[in-house]
Every structure is written in C-alpha cells, then in structure tokens.
1. Please give me the summed charge of the neighbours of Val168: other residues whose Cβ is under 10 Å from its Cβ, Lys and Arg +1, Asp and Glu -1.
2. For Asp289 and Val66, calculate 0.36 nm times their separation in residues minus their Cα-Cα distance, and state this gained length in nm to one decimal.
3. Using 1/(1 + (r/R0)^6) with R0 = 45 angstrom and r between the beta carbons of Asp263 and Arg242, what's the FRET efficiency to the nearest 0.05?
4. Treat the count of other C-beta atoms within 10 Å as a stand-in for reagent exposure and order Phe225, Phe320 from fewest to most.
5. Per residue, how much space in cubic angstrom lies within the convex hull of the C-alpha atoms of the chain?
6. Please give the net charge around Gly212, taking every other residue with its beta carbon less than 11 angstrom from that of Gly212, where Lys and Arg add +1 and Asp and Glu add -1.
7. Express the relative contact order of the chain as a whole percentage, based on alpha carbon pairs under 8 Å and six or more residues apart in sequence.
8. Any idea how far apart Arg275 and Thr42 come out in nm if each label point goes 7 Å out from Cα toward Cβ?
Amino acid sequence: MRMEHAANGILLVDKAEGITSHDVVARARRALGTRKVGHAGTLDPMATGLLVLGVGPATRLLTHLVGLDKTYEATVRLGVSTVSDDREGNILSVADQHAIAELAADPDRLAAAVGDLTGAIEQAPSAVSAIKVDGRRAYDRVRAGEHVELKKRPVTVHSFELEAPRLVAAQGASGGSTPIEVIDVDATVMCSSGTYIRALARDLGEALDVGGHLTELRRTEVGPFQVSQAVSTEQLTEGTLRAEQLVSPADIARQLFVVLTLDETQEVDLGHGKRLELRADQRLSDGTDQAELAAAIAPSGRLVGLVSVKNGRTRVVTNFPAADGAGGAAA
C-alpha cells in the first residue's frame, strides 16, 4: 500500500504464532513506510491474537491504551510444570498419575481453585519474562542458570471461565515414548493490564498440587478493540493493507473517552495550549462539565487533544497539532 500522506492512526494486527511482537512492528514499518510505529503491549512468540499498534503521530495515544483490560482464550495443561510456565520451557515436574486421576474425578476442586484466582489477586510474573531485575531481563538471568523469583504485584482477573476438562496423553519429563495422562482445560480470561496468563496457569497447577502450564494463548480483545477487526500478519508482509484499516486518532479517542466538541475558536486556542472555559450551553458527550480525560474534537472531526475537564475548565494532557491529528492514511 502506497501512502500519499504520512501514515497516522491505530493499526490492529492479528499476530501469528512463532514471531515476536517486535517482528510485527518491523513489518508494519516496512508496509507503512515509516519508522514511527509503536505498540500498546506485547505478546509472547507462542501467543497469537490482537496487537494494537500506533503509527505516526498517533503513537501519542499508546500511553492511554496500554492500561486497557484484555481478554484471552487459553489452554491450561494440569499435571506438568515448566520453567517458562508455557509449553516452550523445559519440564520441571510431572504429577503423580494417581493425583491426576483424583483431580479428573473432582471437578468441584478445579472450580474452587479457579475461584481463588478470580478478582483482585497478587500475582508473581513468570520468571521467564522481560521484567528487569537489577538491570537485566529476568529471562536472561534464567537462561544463565540463575534462580529468579519476581515480586508479586496486584492484578485483577475479572472472569476466569473454564470449559469441561479433558484427560489427554502427553510426553513425560524423560522425553521417552511412554505417554502420561494430563488434564487440558480451555479457558477464557478477562483481566487487567499486566496480568500474566502463563502465571495463572502455573498458579492454578500449584493450587491443585499437580503443576500446570500454558499450551495455547490467543488475545481476542484489548479494551473495545476485537481481533475480528484486525489485519493479518500476512497482510503486513504482502503489502495488501487498505487505507481504511488504519483507524484515525479521532475515531479511536471517541471509543475510549467522553467527547468535548469544540468550535473553531476553541480549536485554535486549545491547539496553542490555552485553557478553555466551556460555554454556558456546552457540555461533554455524557452531559457533564468534568472528566478525568476527554477527547477534544474539532468541527472538522480532527482530534485536537486529550484534556482533563474540571468544573467546565480544560487542561491539555496530550496535544495533537493540526498536521498530526488529521486522521488516518490515504491510499
């Protein structure tokens, strides 16, 4: 896709398995002809699903997208723990087959353990993660043979819904030909930003005394954005993107924030960083005169800025100059 104007907008991408999020960013840069591409949260190479990319001046929006809630579809394997808490790590332990049989016969025990991992919880991120410990990535320390135990942090699991568990045959720790029985269970998780689904699988296995890890992970939603709206990784590689697939900053902001509709004089003043006093007949889209964050939209539909509004008076949080906030890309 050739851009007649500088690319500017939010691009939703359905990441394929086996590539990094940074690989996707690199492909987007080539496809869109700009170095200015960032992301609002990564996915592990094993995972698939929704990545939210900011392109051009719209990268200014990413700060406000990182903290959105997320929804995942996952498969948890109970009976085996790994060093990375997913299928790509070396096996640490294998549960006794009698313990697996007992768990398979007691679904209420599984449901109770899931309930304990739902709501506001304290979670230790997976040791094989990008979190820095004394200046070095945790995964680098693990690969160097160090024992890494990251501090717990508060996260919120809004819902943790399971499908019916199933007994399946899997390879044991020795890598031999004799299979073992494990329990696979599909789950849908809605959670706050910063929640590690791998860690949920690990903690579920630990709570049931059989160990656990993640075998499949797909992110389906980030805030109001759904993977069904996304372009494929192949489209980035093949250069078959369409201009309308890059969503304008204004359209994104309307989905996330209440709207302050400006007149032409206010557009100019706000663009110069001035504080505005709302007119007597002017209200936000929710009918109030205050908001922690509101999208200030010009008569033309351009996103002028993100502002806080208190008692009818604005303060600029993030500004989008006229050339920046004009919208998406032209084909």
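1. Around Val168, the surrounding residues sum to 0.
2. Stretched fully, the Asp289-Val66 segment lengthens by 77.6 nm.
3. Working: r = 34 Å, r/R0 = 0.75.
Given R0 = 45 Å and the Cβ-Cβ separation, E is 0.85.
4. Going from sparsest to densest Cβ surroundings: Phe225, Phe320.
5. 158 Å³
6. -3
7. Values: 751 pairs, mean separation 75.3, N = 331.
Computed value for the chain: 23 percent relative contact order.
8. Label-label distance for Arg275 and Thr42, simple model: 4.1 nm.
Any read-out appearing in this document is the output of simple, stated calculations on the displayed coordinates, not a laboratory observation. Computed from a predicted structure; not experimentally measured. Because the Cβ atoms are built from the backbone with ideal geometry, glycine has one as well, and the counts that use them run over all protein chains shown.
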